[in-house]
Structure formats: structure tokens, C-alpha cells
Amino acid sequence: MSTKSALITGITGQDGAYLSKLLLEKGYTVYGLLARRSTDTLWRLRELGVDKQVQLIDGDISDLSSLIRAMQLSAATEVYNLAAQSFVGSSWQQPVLTAQLDGVGVINMLEAVRIVRPDARFYQASTSEMFGLIQAEMQDERTPFYPRSPYGVAKLMGHWATVNYRESHGMHASSGILFNHESPLRGIEFVTRKVTDAVARIKLGLQDKLHLGNIDAKRDWGFAGDYVEAMWLMLQQDKADDYVIATGITTTVRDMCQIAFAHVGLDYQQHVVIDEKFLRPAEVDVLLGNPAKAQKALGWTPKTSLQQLITSMVDADLRRLQA
């Protein structure tokens, strides 16, 4: 029986569900912080068949006292801070909430770890959105940050807080600067899932058009199930550090649409409509990650191609709708 126990904030999200499955398979006792803000939050855990195996603790990243209690109850040796307001588009409508959850919330979690179990290993979910207006053609751990959304700004605060706790308190605190990672468990508000759900609906005759914003934006997309392995690997290292996790391949939203529609025998040009209301106040045009450091230091490489990822998402949405 493993003596390792993990506390995952944001356990009901896409990454939290895949990480739970991975850690359970490795013999961990897995605890999850459950913020009771919405209904049926456990569907992703159920879909992966792990909802009965994780132990849930009521708490919220905005409430330090509940985080201290969660650390005491879990006696966690590893803490994965995945909780966030994670939708970039919403951050312009909710900038203060985004700052509280994605910035101050990280400090709350770091403080809880420092107070209760300072020797626990800490993972912070940073993001490629911190690069924003890119300062290098390919972004790595040394590329300067230039966030272009309230989400990116708040995440950058959490990222630097993690570095500061590592350097100030000697904590084993690492950040994964993850580029876009998707799966059939992705929320419907994210563009990849919005596309695959629409493709399934159009194929089944439930709708005809898909409204999108800037389809020439380029992103480095990978599979969330591959990326959570990198999170775990970071906390197995002797020394804490920060790592870019990416595929090293960039693709436009347009090309991603083409893959999804072609999978069901449709032409995306017949169904995609450019809608100005989906254009962002400040766009991030290109993101392309350089995962060389993670490949060398962690031995991590992505296993799933974009074609495999998008077609699996379309198939999952077809199954859901047909059910």
C-alpha cells in the first residue's frame, strides 16, 4: 500500500479527472477539494470510473481556512493546484473573480501547504496564456511573459508566487506552463469542444451552423491525459523547477475544424460562420511551445496526435448525443 497521498484542487475539471485516474493507478490515496458552486460537478470523474475512489473534501481556493483543513485531513505528500477560473473569454467579464481564484487563490494554497506540511511537494497549473503577445517564435521557460487577458495576468501572479515560495521558503514548488490541452472531458465553452460538439450535432441534423471568432488563431494543442503525466513527473524530481509542456506543433482553429468536420464526412466551409461577438478584446494570435526541457529532464513526450485527439472528441460527442 502506497504511503503517498495527493490533494487535488480543481479535481472535478478535465485535468483533475485524468490526474486522479493516473494517481489511483499508481497506488496513491487521492483527495479532492470540492467547491460547491455548480450542479453535477462529478461527471468527469464518473466518465473515467474513478468517482467512487477519490475522497472529496469541501473547500474553496478562496478560503484559506478550508485549505488548511483540507491539508490536515488529507495529510497530502503531493498537492496539485488545478483550481481556477479557467475560461479566458470569461475573464474580461469577471476580472476580479479571476484574480482572486487564479492569483490570490494560489497564494492561499501555498500558505496552507507551508503552514501544515511544508515538506509536501506542490504543483501549480500555469499556462501558455502568460506568454500572450509572444516575445519569441517558440516559447520556452526563458521566454518573457506578456499576458493579453485578465486570465493570463492572474495566472502570472500565481506562477510568480510559486517561484517566490520555492525561493523564500525552500518549498518543493513547481509550475507546469501547459499549452492548450484538450480531451473528450473538455468543457463546452472551450473552442475545441465547441467545435466537436457542433460537428456531432450537425452530423445528426440537430443544428446547421457553427459560430466562431478568429479561426486563424494558432494554438499548440495536446491531449490532457498525456499532460497530467508531466505534472506527476515534475513532483518526482529531486529539485523543483518550472517546465513548458507542449507538443511543439502549432495548428490554426481553421485546420482543427477541417479535421473535425472531415471525420464525419462534412466540409467545414459549409457550416462555420465567423461571428464578431466571439472576437476577443485582445487576441493571442500564435502560441507554440518548446518542450525540450521537459523531454530532457522529465523524459516526457506527448503520445497523442492532434488528429487522434480531435477525432476521439467528435466520437465522444456523437456517443453522448445519440445516448
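Just so it is clear, none of the values below were taken in a lab; they were calculated from the coordinates. Computed from a predicted structure; not experimentally measured. FYI the Cβ positions are ideal-geometry reconstructions off the backbone, even for glycines, and counts take in every protein chain you see.
Taking the alpha-carbon centroid of each part, what is the distance from the range 46-97 to the range 103-165 in angstrom?
16 Å
On a 0 to 90 degree scale, rounded to 10, what angle separates helix 306-322 from the longest Cα axis of the chain?
Value to nearest ten degrees: 80.
A 25 angstrom limit on the alpha carbon distance is what I want to check against. Which of K239/K293; K26/K194; K277/K303; K203/K303; K194/K296 exceed it?
Where the Cα-Cα span goes over 25 Å, the pairs concerned are K26/K194; K277/K303; K203/K303; K194/K296.
Is the shape of the range 173-237 rounded, prolate or oblate, going by the alpha carbon gyration tensor and its root eigenvalues a ≥ b ≥ c, with a/c under 1.5 for rounded and a/b larger than b/c for prolate? List each step's numbers first, then the result.
Working: a/c = 4.20, a/b = 2.32, b/c = 1.81.
Prolate, because a/c is 1.5 or more and a/b exceeds b/c.
Which of rounded, prolate or oblate describes the range 21-128 when judged by the alpha-carbon gyration tensor and an a/c cut-off of 1.5?
Here the range 21-128 falls in the oblate category.
If one takes the longest principal axis of the Cα atoms in the chain, at what angle in degrees, from 0 to 90 and to the nearest 10, does the Cα axis of helix 14-25 lie?
60 degrees
Working from Cα positions, state the angle (0 to 90°, nearest 10) between the long axis of helix 253-263 and the longest principal axis of the chain.
So the inclination is approximately 70 degrees.
Assuming R0 = 25 Å, what is the FRET efficiency of L133 and I188, from their Cβ-Cβ distance, to the nearest 0.05?
Values: r = 28 Å, r/R0 = 1.12.
The calculated FRET efficiency here is 0.35.
Kindly state, to the nearest 0.05, the FRET efficiency for Q100 paired with Q308, given R0 = 41 Å and r defined as their beta-carbon distance. Before the final figure, lay out each step's value.
Numbers: r = 37 Å, r/R0 = 0.90.
After rounding to 0.05, the efficiency reads 0.65.
Quote to one decimal, in nm, the extra length available between Y146 and Q53 on full extension: 0.36 nm per residue of separation minus the C-alpha distance between them.
Values: separation 93, 0.36 × 93 = 33.48 nm, distance 4.03 nm.
Extending this stretch completely gives an extra 29.4 nm.
Show me, bin by bin at 10 Å from 0, the whole-percent P(r) of the range 209-322 based on Cα pairs.
Final binned percentages: 12, 34, 32, 17, 5, 0.
Which of the peptides 297-309, 209-221 is most tightly packed, and how do the rest follow, judged by the mean count of other Cβ atoms within 10 Å per residue?
Numbers: 297-309: 16.5, 209-221: 18.9.
Those peptides, ordered most packed to least, come out 209-221, 297-309.
So if I take the alpha carbon set of the chain, get Rg, then get Rh from the Kirkwood formula, what is the Rg over Rh ratio? Could you put the intermediate results ahead of the total?
Values: Rg = 19.1 Å, Rh = 20.0 Å.
So for the chain, dividing Rg by the Kirkwood Rh gives 0.96.
For E167, project a label point 7 Å along Cα to C-beta. Then give me every residue of the range 128-156 with its amide nitrogen under 20 Å of that point.
130-131, 140-147, 153-156
Can you give the extra length, in nm with one decimal, that the chain gains between R319 and S90 once fully stretched, where that is 0.36 nm per residue apart less the Cα-Cα distance?
Working: separation 229, 0.36 × 229 = 82.44 nm, distance 2.85 nm.
Contour length minus Cα-Cα distance gives 79.6 nm.
So, by mean Cβ neighbours within 10 angstrom, what's the order for 271-278, 104-111 with the highest one leading?
On the way: 271-278: 12.5, 104-111: 23.1.
Order by mean packing, descending: 104-111, 271-278.
Could you tell me whether the range 95-138 comes out rounded, prolate or oblate from its Cα gyration tensor? Rule is a ≥ b ≥ c as square roots of the eigenvalues, rounded for a/c under 1.5, then prolate if a/b exceeds b/c, otherwise oblate. Display every interim value, and only then the final one.
Working: a/c = 4.81, a/b = 1.72, b/c = 2.80.
Since a/c reaches 1.5 but b/c is at least a/b, the shape of the range 95-138 is classed as oblate.
What are the lysines whose alpha-carbon lies under 16 Å from the alpha-carbon of K52, with same-chain residues fewer than 8 places away excluded?
K21
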